[in-house]
Each structure stands twice: as structure tokens, then as C-alpha cells.
1. Suppose we look only past 24 Å in the calculated P(r) of the chain. What percent of the Cα-Cα pairs does that tail hold?
2. Relative contact order of the range 67-173: what whole-number percent is it, with Cα pairs under 8 angstrom and at least 6 residues apart?
3. Take residue 261 and residue 116, extend 7 Å from each Cα along the Cα→Cβ direction, and tell me the distance between the two endpoints in nm.
4. On a 0 to 90 degree scale, rounded to 10, what angle separates helix 237-251 from the longest Cα axis of the chain?
5. I need the calculated FRET efficiency for the pair residue 204 and residue 304, taking r as the beta carbon distance and R₀ as 22 Å, to the nearest 0.05.
6. Suppose a student asked you for the relative contact order of the range 3-101, using Cα pairs under 8 Å spaced at least 6 residues apart; what percent would you report?
7. Hey, rough spin-label estimate for residue 180 and residue 236, points 7 angstrom out along Cα→Cβ, what's it come to in nanometres?
8. So what is the relative contact order for the chain, in percent, with contacts set as C-alpha pairs under 8 Å and at least six apart?
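Quick note: the coordinates plus some simple rules give every number you see, no bench work behind them. Since we're looking at a predicted model, the values are computed, not measured. Using ideal geometry, Cβ is built from the backbone for each residue, glycine included, and neighbour counts are taken over all protein chains shown.
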């Protein structure tokens, strides 16, 4: 099995891209082109599409890259449903699958999915532990016996037990923003998927310590939970201004306020939140100063962006997911990806 927490042999972080807004019929070709660029991982979102189906198609058009969900929404799916899907994709990809899970927010879980929302950190912790128990039972052939607060799994007749596979269970990465969920990731996950509204200082001062607190609680060594950051890049002025709009949108959400507060930008978040409630979306970007934009979005020539990304992530993160703020096509980030996967001069 490929260990998703490990960076490539060169020592640099893994470089990933995300299938977002791509028609399902184009997913296989999109992933193949991404692999040809030299990326290490292709992730699929759950926005206006199922996150697993593109990866099933990409499994047949790629041979090297890891294929993961970034993210699949956990709570609308039963643990057993996710366990079967993850097991099948791990077998289909030859051990290249990464199960990225997230909670989404209460309104979406309740009103869009029609599912139950309560105590997200506790529920996610148990969800991952249940997944691992199910997979372990399938791998070893032992009886299934998981009894939790939110779900119980004690029935696994032979007819419903998947075939053994040589790749083991997939890695599990959790999306986390606040410290409690970060600690859960440190307890039970292989890695954490960090939202694009992030800065180097936030990763160093908040995310890494919270992960390590969770790992210590679970008796795991510090650093057991790897970090993947989603990095917005703007190789031209159009994308830079698109990045300003994206930052304004994210910063208007109270759930992401911790990043702003750490830097003393809390008043900006309050102002943007108020504007969002008034429907003033078209005016919000103008409120984002260059200081905030440049801390979150890397701008410039592709090699400049690559150098800046290396400088802010060295020794800190295992994966960098490169994303353009606005354009969905792979060409928008191709030059930046190419610069990132190259060995820096002097290495």
C-alpha cells in the first residue's frame, strides 16, 4: 500500500490537484493529463458531483498518482456505506486511494442532505474508528464488533464480507478548521486537509500543535498526523483579483474566523460577514487589503510561486494541493505545478 503521509523520494511535499467542476465523462482524461504533468495526487471534491465516481474512472487512466476525495461529506453516508466504497476504490486503484472526509456545516447536512447533525467532532472521531474496525474485520476475517454511541456494527455474514485484497485499508484524512476537529484528526487520522483560508503562521502555531495534542491523547507520536494544505495560486493579475474575491467569500464565514483573529484581522471578518448578510457580494472583494491577500494567495511568475510555496511549507507539510482561485481547468495551474515538481536549484 502507498503511504499517503509520505512525501515523494525527493523530500519535497507531494503536489496535488483537484478535479472540480469537471464533467464525469471527462474525469479519466483530466486525471491522465494531471499525472502527465508530474503531480503526485488527484483529489475529487463533493460540490456539484459525487466525489467517488471520478476517481473510479481515473483509476483506469492513471498508474502512479494517488486518488483521493477532498472531501466526501461523512455524516449523510452510513459508516458501512463509506467502508464498502473505500475498500472497493482501494482495490480498484491498487492501493492508491485516500479517503478524505469532512463534516460540512449544519445547514448543508440538515437541509441539503436531510441527514443528522450533532456533536461533529465526537461523531467524526467515532466514524473513523468504526471504519477502521470494519476494515480490520474484513482484512483479518475476525468477527465484526463495533459498539459506538452513534452507530453499531456487529453483523457481517460471509455473503456480505468483501474479498480480501493485498493493499490493506485506505488512508483516512480529515478536513478540519477548528482546534477540536484538528485534535480529533491527530487522534485517529493519517492526515489533515487544511482549507485554502490558511497561512503559514496559522499552520505552525495552531494546526500543528492541535494535531500533536490529539496524537498525544491517543498515545501516538507527535507528527503522526500529516498536513496537506490547499494553496491558492495566482500566476496572473486576473487570477490575483479572483483570489481576492475568494478570500472575501471565505473570510465572511464565521467558522474560518480563527485564521483572521490570529493575525489581528478579526474586524475584517466581521465586516465581510455583515456584508454577506446584506447580499453585498459584489463589493466584498474591495475590502480585502493586499496584506491579507498576499498571506493567503501566492502570486507572481510560476517559479516565484513555487519558491514561495517551498519556503512556507518546508518541514511542515506533506502535501500541497494547488488551486486557481477561479478557473477550473488544469491549464490554469499547469505552469505552477511544473515549477513545483521540479527540483529547486541547489538541492
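1. Here the tail beyond 24 Å accounts for 57 percent of pairs.
2. 33 percent
3. 3.0 nm
4. Relative to the chain, helix 237-251 is tipped by roughly 60 degrees.
5. According to the calculation, E is roughly 0.50.
6. 25 percent
7. Between residue 180 and residue 236, the label points sit 4.5 nm apart.
8. 17 percent
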